Amino acid sequence: GLRLVLHGLCSNTTVKTLDLKGNNLRSMGAEALGKLLMQNKSIRSLTLEWNSLGMWEEGFSFFCQGLRANNFLQRLDLRNNQINHQGAGELAMALTQNTSLQELDLRWNNIGLLGGRALLNCLQSNKTLKRLELAGNNVPGDILKAVEQALDHNQDREVILSEAQNQVNILSKEILNLKDEKNKQFMDFVDTVDKQKEERARSEKMSAARVSQLQEALDEQYSIMNSLKTKLQMTEAALALSEQKVHNLGELLHAMKQEQNCVAECHFRELQQQKQEGADREGRLLLDLSAASEKNLLLRNQVDELERKCKVQQDQLFQLKQDLTNTTAELKLRAVEAEERLEMEKRRFKQSLEDVESLRIKEVGRMTQHMEASERSMHNRIQSLEAIRISLEEELSQVKAAALTERGQAEEELIKVRSQARLEEQQRLEHLEEKLRLMTESRDEAQNCCLKQKEMLAEAQAKAKQLSLYADGLRRRLDELQQDLDSKEEEKVTELNKVKVELQEQIGHLEAERAAQDGLREKIAALERQLKALSSNHREALLDKEGEISLLLEKLRMKEAEISRVREEEAQRASFLQNAIMAYVQGSPLGAHSSRK
């Protein structure tokens with residue numbers, strides 16, 4: 001019945017523990033157990049207490065052969081099985097090739113001295129057995145102590161191997177974690193690069209739009225310049241016409257003087273007949289003179305008002321010039337501040353890079369110190385184990401070689417990881433240098449725009465100077481006209497004195513002069529109208545120029561706002577890059593390892 005049970009268990013894969021205590025197994029049962037141990041791969045614990053297996057040498061030897069071929073059984077109980085020194089030798093031979101059995105209970109058998117020595121000798125090649133019970137077998141105490149020492153060696157070796165395996169597992173897990181973190185960082189870096197590309201495309205679109213807007217503004221300014229040139233040409237033509245009119249008026253005055261002389265000669269003859277009417281006419285002439293003097297005073301007042309208006313316009317032009325100089329100075333100051341901010345950002349970026357490099361050097365030093373300390377501790381432990389465990393020198397050398405190979409592999413992996421990190425840092429540095437180059441190019445473009453604006457302002461200033469010169473010319477012409485009027489008034493005074501002296505002789509001449517004065521008055525009124533028209537045109541031109549200057553100031557404000565917005569965007573990009581670098585440094589394998597420590 002037991003043979004059938006064991007035959008059925010040969011192909012079983014679920015039974016872990018088998019207890020056959022006190023079943024009086026014989027030779028056939030021992031052979032069936034050996035076959036079971038050769039074929040079964042699931043049983044971990046086997047209890048065969050009180051079965052007298054040692055009495056059947058052939059069956060027990062077949063059982064030991066099965067135990068030799070088995071590499072899955074971990075616990076075997078053979079108490080009270082009447083095993084002698086020959087059975088112990090068979091067990092020792094089986095144990096020399098078994099690599100899975102950890103506990104063996106041989107209490108209350110008949111092993112004796114020879115069996116104990118055989119078991120002690122097998123422990124030199126068996127390194128997995130941790131527990132061996134030999135009580136009640138008539139084994140000497142020194143052999144028992146030697147067996148205990150060998151078992152202790154096995155236990156220590158197992159502990160060392162388990163620790164080494166744990167360290168290897170930990171290192172492999174850390175390497176996998178580092179690889180995962182590197183992959184995540186690479187993906188994050190790719191995402192950031194994509195985002196930066198998108199932002200760059202957006203900024204290029206915005207810059208293209210701004211360039212188009214600036215081109216439109218330049219075209220508008222060019223059109224304004226052309227209109228101003230046409231206006232200047234029109235004003236020059238009007239001035240030429242006015243000069244021609246003044247020349248014609250002078251010729252007319254000369255002709256009138258000749259006519260007056262002729263009329264005086266004609267009327268001199270009639271003065272004798274009209275002496276009686278002279279007194280009445282003198283009174284009338286005095287009244288006319290008073291009226292003419294009053295009109296002259298009014299004309300002088302009007303000329304003074306025109307001079308005051310010219311002075312006010314000159315003051316306004318001077319204020320505009322001062323405003324333009326102030327705006328140019330503010331633009332220069334803002335450009336200097338922008339350059340200083342860029343230099344500060346460059347310094348901060350260099351400092352951040354130096355901090356990252358120092359942190360990386362510190363982490364490498366800590367890793368090397370930790371590795372050296374671990375090497376020292378392992379070396380000391382190996383020396384202590386060599387001093388105590390002389391019989392395990394070969395195995396310890398093998399373990400040391402395996403540890404060295406694993407350490408070399410780990411160092412190679414660390415070197416690879418460090419090289420990858422350095423390459424990534426170099427790539428990021430190159431990317432940051434490209435960004436700095438782009439920033440400098442954008443700054444140069446902004447400076448070029450500022451220079452163009454300064455040129456436009458200089459042109460506007462030149463135009464304002466030309467207008468001021470034109471106003472000065474107009475004022476000089478007004479002064480010349482005033483001088484002409486003064487000279488004419490002096491001539492009139494002299495003529496009136498002559499008329500007072502020669503009243504009786506030149507009454508008819510005075511009447512002709514009255515008619516001539518009326519014509520002159522009309523001409524003076526026409527000249528005054530022309531002057532008013534010129535002043536109104538001049539005022540309109542000044543108002544147009546003031547509007548143009550206000551438009552230019554508004555455009556300057558818009559450009560300053562755009563420059564400030566570009567600066568804010570560059571500052572945000574710099575902060576984003578700094579945060580990305582800090583996140584990379586904090587999420588790097590060195591930083592993670594130090595944080596775990």
In whole Å, what are the Cα extents of the chain along the three principal axes, biggest one first? 196, 50, 28
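Given all pairs of different Cα atoms, what value in angstroms does the Kirkwood hydrodynamic radius of segment 1-139 take?
On the way: mean 1/r = 0.0687 Å⁻¹.
Kirkwood radius, segment 1-139: 14.6 Å.
Translational D (Stokes-Einstein, µm²/s) of segment 216-277 at 25 °C and 0.890 mPa s when Rh comes from the Kirkwood sum over C-alpha pairs?
Values: Rh = 16.2 Å.
Once the numbers are plugged in, D ends up at 151 µm²/s.
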Accessible area, 1.4 Å probe, largest first: how do His538, His431 sort? His431, His538
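Once R0 is set to 25 Å, what does the formula 1/(1 + (r/R0)^6) return for the Cβ-Cβ distance between Gln409 and Leu429, expressed as a FRET efficiency to the nearest 0.05?
Working: r = 30 Å, r/R0 = 1.21.
Plugging the Cβ-Cβ distance into 1/(1 + (r/R0)^6) gives 0.25.
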Expected field for Arg407, accessible surface area in Å² at 1.4 Å probe radius, rounded to 10, holds 80
Amide H to amide H, which residues 5 or more places from Leu132 or on other chains are under 5 Å from it, using H placed in the peptide plane? Leu104
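Near Leu144, within a Cβ-to-Cβ distance under 13 Å, what is the net charge of the other residues, with Lys and Arg +1 and Asp and Glu -1?
Counting the neighbours of Leu144, the net charge comes to -1.
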If you line up the Cα atoms of segment 14-68 on their principal axes, what length do they span on each, largest first, in Å? 31, 22, 14
Tell me, what HN-Hα J-couplings in whole Hz come from the Karplus equation 6.51 cos²θ - 1.76 cosθ + 1.60 at θ = phi - 60° for each residue of segment 76-90, using x for Gly and Pro? 9, 10, 10, 6, 6, 10, 6, 8, 9, 5, 5, x, 5, x, 4
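What accessible area per residue, rounded to a whole number of Å², is obtained for the chain using a probe radius of 1.4 Å?
Spelled out: the 1.4 Å probe surface of the chain, per residue, equals 64 Å².
Quick one: which of 129-140, 181-192 comes out on top by average Cβ neighbours within 10 Å, and what's the full order, highest first?
For the peptides 129-140, 181-192, the packing ranking is 129-140, 181-192.
R0 = 60 Å: FRET efficiency of Ser27 with Gln369, Cβ-based, nearest 0.05? Write down the numbers at each step before the final one.
Numbers: r = 65 Å, r/R0 = 1.09.
Efficiency, from the Cβ-Cβ distance: 0.35.
Could you tell me the calculated FRET efficiency between Asp479 and Val336, based on Cβ-Cβ distance and R0 = 45 angstrom, to the nearest 0.05?
0.50
What per residue convex hull volume, in Å³, do the alpha-carbon atoms of segment 438-568 yield?
Details: hull volume 11.0 nm³, N = 131.
Value for segment 438-568: 84 Å³ per residue.
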Explain nothing, just the number: relative contact order of the chain, from Cα pairs under 8 Å at least 6 residues apart, as a whole percent. 11
Please turn the phi angles of segment 565-580 into ³J(HN,Hα) values with the Karplus equation 6.51 cos²θ - 1.76 cosθ + 1.60 (θ = phi - 60°), one per residue in order, whole Hz, x for glycine and proline. 5, 4, 5, 4, 5, 5, 5, 5, 5, 4, 5, 4, 5, 5, 5, 5
Could you compute how much accessible surface Trp56 exposes when probed at 1.4 Å, giving the result in Å² to the nearest 10? 90
Given labels modelled 7 Å from the Cα in the Cβ direction, how far is it in nm from Glu459 to Ala401? 8.7
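The values are calculated or read from the model by the stated rules, or taken from the named source; none is laboratory data. Note that the structure is a prediction, hence the values are computed from the model and not measured. In this analysis, Cβ positions are derived from the backbone assuming ideal geometry, glycine residues included, and neighbour counts consider all displayed protein chains. The accessibility values were calculated without ligands, DNA or RNA, using every heavy atom of the protein model including side chains. Shrake-Rupley method; radii C 1.70, N 1.55, O 1.52, S 1.80 Å.
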